[in-house]
Structures are given as structure tokens and as C-alpha cells.
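Following: one structure in C-alpha cells, then a few remarks.
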Amino acid sequence: MIKNVTLPTEDGTTQIDHIIVSKYGIFVVETKNMKGWIFGSERQKMWTQKIFKYNTKFQNPLHQNYKHVKTLQNMLNIEPEKIFSVIVFVGDCKFKTAMPANVNYPRGYINFIKSKNKILLSKAEIKEAIRIIEFGRFERSYKTHREHVRHVKQIVEEKQDAVTCPKCGNVMILRTAKKGPNAGTQFWGCSTFPKCRGTLKYSATES
């Protein structure tokens, strides 16, 4: 297991909690140490943590880990079927919605990895993958951590500026009504329309 790997990306850096390289494939593990109730689905941009009456939004870890997987896949030049995304929730938390695929508590995460029993990588490929990761990662240092934190804060700020759908949590798009009594009026419509028909009023003061 390779821990705390910071890799370069086109727009900055990405930090991977754990990478497991085995003959059964490469597992990219994102861990979340959280408390309270967790609400979220596979397609929602933001998930919700609820502790008593307080709600906190956080990025969908499946989307977060997708970037990790793609970065590593491109670095290793490996087929997508040989690399797996795994999300692990530790701490005193409980899902109040159905847990999406690849999202587990610690015991479930171990079972998920054990369920992969088809040999995908040779000993030479395992050795080469580890070599490339170790060579390509940034040195573990305060400077690396600081730069990554700055990059993450920038991403979070950009996401906070986005309007999210009250029904499904996805990003909303500014649209203009084409017919009916509100023709010509702008409103926020869900980006997944027609699957989700969530809308919000738009105020000209937002622009």
C-alpha cells in the first residue's frame, strides 16, 4: 500500500489517500473520517453530513476519486478495467440513503477488494507501476501539502459559487423560458433535465 500520494495534474495537484497495487488490479482508495448521518447518491455533485440539526455539504467522493483514478490511469498508461475506485467511510457515521457502488465502511471495503479474484497484472507490471508512482509523486513535504491545500480551497470556492439543484444536488444552469406566461424570463434549471426538473427563481442581482 502506498499512502498519501500527491500527483501533478493539468490544473494543479491531486492527493490520493491510498493506492494498493496487486496482481488483481490497482485500487485507488479515498477515505472519509466523518461523524453523523450521511446523505448522497452516485450522481449528486454534493453530499450532506448531518450532525443533530446542522447540515454540512461536501463534494461527492465518487466524483473526487474519479479524478484520482483518471490521473493515475494516464500516468501508468493502464486499461480502465485494471484500476478500481474505492471509497471508505470511517468514524462514527451512518448512511441514511443507499450506499452507492464502491462506497463502503471498512469491512465492506476489504470484502470489495477480496471480491476481485481475476489476475490482471504480472509481477513485472506491478513492479513497474510502483516505480512510476514513486517516481511521479511529489515529495512529501510541508510545501507540497500547502500547495495542494491551496488548490483544494480554490476548487471548493468555485463549487460554492455554483447553484445546486434543490431536488438532486447537481449543478443548475441559467435558462430562459421559451413559451407560456413566463416566456423570456430567466430561471435556474437542473443540468440533468429532463431526468430532473428542479428549478429555482433567478434574480438579476445575481449577475
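The values are calculated or read from the model by the stated rules, or taken from the named source; none is laboratory data. In this text the structure is predicted, and so the values were computed from the model without any measurement. We place every Cβ from the backbone using ideal geometry, glycine too, and count neighbours over all the protein chains shown.
Within the stretch 43-147, which strands (runs of 3 or more DSSP E) (wholly inside it) include 2 or more residues that are within 24 Å of LEU7 (Cβ to Cβ) and assigned by TED's automatic domain parsing to the domain that holds SER191?
In the stretch 43-147, no matching strands (runs of 3 or more DSSP E) lie anywhere.
Quick one: is LYS53 farther than 20 Å from GLU128 by Cβ and without any contact (Cβ under 8 Å) to a residue 12 or more places away in the chain?
Here the answer is yes, as LYS53 does meet what is asked.
Looking at (1) over 26 Å from LYS114 (Cβ atoms); (2) touching a Ser or Thr at 6+ places or on another chain (Cβ under 8 Å), which one does GLN59 not meet, given that it meets all the others?
The failed condition is (2).
Quick one: VAL90 ticks every box in (1) surrounded by 19 or more Cβ atoms within 10 Å (Cβ to Cβ); (2) touching a Ser or Thr at 6+ places or on another chain (Cβ under 7 Å); (3) of a type in the set (Val, Ile, Thr) except a single one, so which number is it?
It is condition (1) that VAL90 fails.
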